[in-house]
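Trainee: Have a look at this one before I ask anything.
The values are calculated or read from the model by the stated rules, or taken from the named source; none is laboratory data. Being a predicted model, the structure only gives us computed values, none of them experimental. Heads up, the Cβs are rebuilt from the backbone with ideal geometry, glycines too, and the neighbour counts pull from every protein chain shown. Areas reflect the complete protein model, heavy atoms only, side chains present, ligands, DNA and RNA absent. Shrake-Rupley method; radii C 1.70, N 1.55, O 1.52, S 1.80 Å.
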Amino acid sequence: MNHTPLPAWADIGLLPLLNILAALVVSGLIIAAIGEDPFRAMAVLFQGAFLTTNGLGYTLYYTTNFIFTGLAVAVAFHAAMFNIGGEGQAYLGGLGAGVAVLMADSFLPGLLLIPFAVIFSALFGAAWAFIPGWLQAKRGSHIVITTIMFNFIAASLMVWLLAGPLMRDGQGAPETRPFAEAAQMPYMHEMLGALGLVVPRSPLNLSLLIALAVAALVWFIIWRTRFGYALRAMGASPGAAEYAGMNTVRITVLALLLSGGLAGLMASNAVLGEPHKLVLNFTGGYGFTGIAVALMGRNHPVGIILAALLFGALTQGGTELDFEFQTITRETVQVVQGLIILFSGALAYLFAPMVARLIAPFAAKKGAPA
């Protein structure tokens, strides 16, 4: 993408902030057009996301899902691949976690069972990304087409499994039996309560710490390893990487395996953390929203964490908006999310020329290009 070159701090920090502000301004105009006070609406959204009794816990719970899927998209982006299959890979990650628990929760203690299930979720997610990665590397198949197709295949597969072989005996709902208590990811309010800190109950669980650790690991892999360097080199110029002797087929497949594994890890939160059983549609569109999270976070783990927090706040705060206002519904909140995606994606560098002009005098004083 051609755009005005900017210092890293402006590109990664200032531009996304301006994009968010622009999206909120347009959202405020829409809210005003339907007859509501946009300032009060934004205040309710903020309070619902961070200041209500358990609002922060729910916000961080949703944030955890967005971190996993945002990281999955970002890894593929660094290799110049647009992985739209995060939804299906997360679905298969849930299947992996569910199968692991259903096989072993009758005899394994939680100390072993939870890591076992988390590993299975990553392996199943990675396995679901393998065929699109191999087709891209060996056959030149477009990664967007194959990953979209695999989303539909994953959804159909899960319907068949949960309405048949995995469905709980004696019930009609398409879901598995509840997991044993040993397979339930520890809740954060319980962990903090054991340390003497009293916090409200919420679905927030240990998966948040896993997500943050995984974000640090992704940063290390992408920017501090030979594989990460080769991945970024191939993403910048596949021809040059191949000329330099890099095995682009291997890098492509490994990048998609890593991406799929990260998406699969979402099951540690959305299945093991809550609702402690495998159900239909537990992915809830997180795989698709992860694309926006990665774009807004500029494919950097720190940016992705901040963008995931924003979308987590919109998800939780939107519930409060829907409850507080008759004319503001969940669909209105989706419009706000869509505007943020628009300004962070298609219009990501709309304000780049303006920012470049503003910071040019300061850059000139330091002798650095703007």
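Trainee: All but one of (1) loosely packed, with under 15 Cβ neighbours inside 10 Å; (2) touching a residue at least 24 places away in the same chain (Cβ under 8 Å); (3) over 22 Å from the mean Cα position of the chain (by Cα) hold for Ala216, so report the exception by its number.
Mentor: Tallying (1) loosely packed, with under 15 Cβ neighbours inside 10 Å; (2) touching a residue at least 24 places away in the same chain (Cβ under 8 Å); (3) over 22 Å from the mean Cα position of the chain (by Cα), Ala216 fails exactly one: (3).
Trainee: Please find, within segment 68-99, the residue that is surrounded by the fewest Cβ atoms within 10 Å (Cβ to Cβ) out of those that are more than 22 Å from Leu272 (Cβ to Cβ) and not aliphatic (A, V, I, L, M).
Mentor: This residue is Phe82.
Trainee: Got a sec? Which of Leu321, Leu280 is under 19 Å from Tyr91 (Cβ atoms) and either of a type in the set (Val, Ile, Thr) or in contact with a Leu (Cβ under 7 Å, 6 or more places away or on another chain) (or both)?
Mentor: Answer to the check: Leu280.
Trainee: I would also like to ask the following. What are the pairs, 6+ residues apart or on separate chains, where a residue within segment 197-210 that is farther than 14 Å from Phe66 by Cβ has its Cβ under 6 Å from a residue that is among the hydroxyl-bearing types (Ser, Thr, Tyr) and part of a loop (DSSP other than H, G, I, E, B)?
Mentor: Once the first residue is farther than 14 Å from Phe66 by Cβ and sits in segment 197-210, its partners that are among the hydroxyl-bearing types (Ser, Thr, Tyr) and part of a loop (DSSP other than H, G, I, E, B) give Pro200/Thr53.
Trainee: What pairs can you find where one residue is in segment 156-167 and closer than 14 Å to Val99 by Cα, the other is of a type in the set (Asp, Glu), and their Cβ atoms are less than 9 Å apart, with a gap of 6+ or different chains?
Mentor: So the pair list comes out as Leu162/Glu175; Leu166/Glu175; Met167/Glu175.
Trainee: Taking only segment 343-363 into account, find how many residues are part of a loop (DSSP other than H, G, I, E, B), open to solvent by 10 Å² or more (accessible area, probe 1.4 Å), touching a residue at least 40 places away in the same chain (Cβ under 8 Å) and of a type in the set (A, V, I, L, M, F, W, C).
Mentor: Qualifying residue count, segment 343-363: 3.
Trainee: While we're looking at this one, here's another question. Let me confirm something: among Asn269, Asn299, which residue is touching a residue at least 40 places away in the same chain (Cβ under 8 Å) and open to solvent by less than 30 Å² (accessible area, probe 1.4 Å)?
Mentor: So the residue among Asn269, Asn299 that is touching a residue at least 40 places away in the same chain (Cβ under 8 Å) and open to solvent by less than 30 Å² (accessible area, probe 1.4 Å) is Asn269.
Trainee: Show the residue pairs that are 6+ apart or on different chains and have beta-carbon atoms under 7 Å apart, the first residue being within segment 283-294 and at negative phi and small (Gly, Ala, Ser), the second being part of a helix (DSSP H, G or I) and open to solvent by 30 Å² or more (accessible area, probe 1.4 Å).
Mentor: These pairs meet every condition: Ala292/Ile341; Ala294/Phe77.
Trainee: Can I ask one more? Could you grab me the full set of residues in segment 167-183 that are part of a loop (DSSP other than H, G, I, E, B) and in contact with an Asp or Glu (Cβ under 9 Å, 6 or more places away or on another chain)?
Mentor: Result: Met167, Arg168, Arg177, Phe179, Ala180.
Trainee: Given Thr252, Thr332, which one is closer than 23 Å to Ala80 by Cβ, hydroxyl-bearing (Ser, Thr, Tyr) and either open to solvent by 10 Å² or more (accessible area, probe 1.4 Å) or touching a residue at least 40 places away in the same chain (Cβ under 8 Å) (or both)?
Mentor: Thr252
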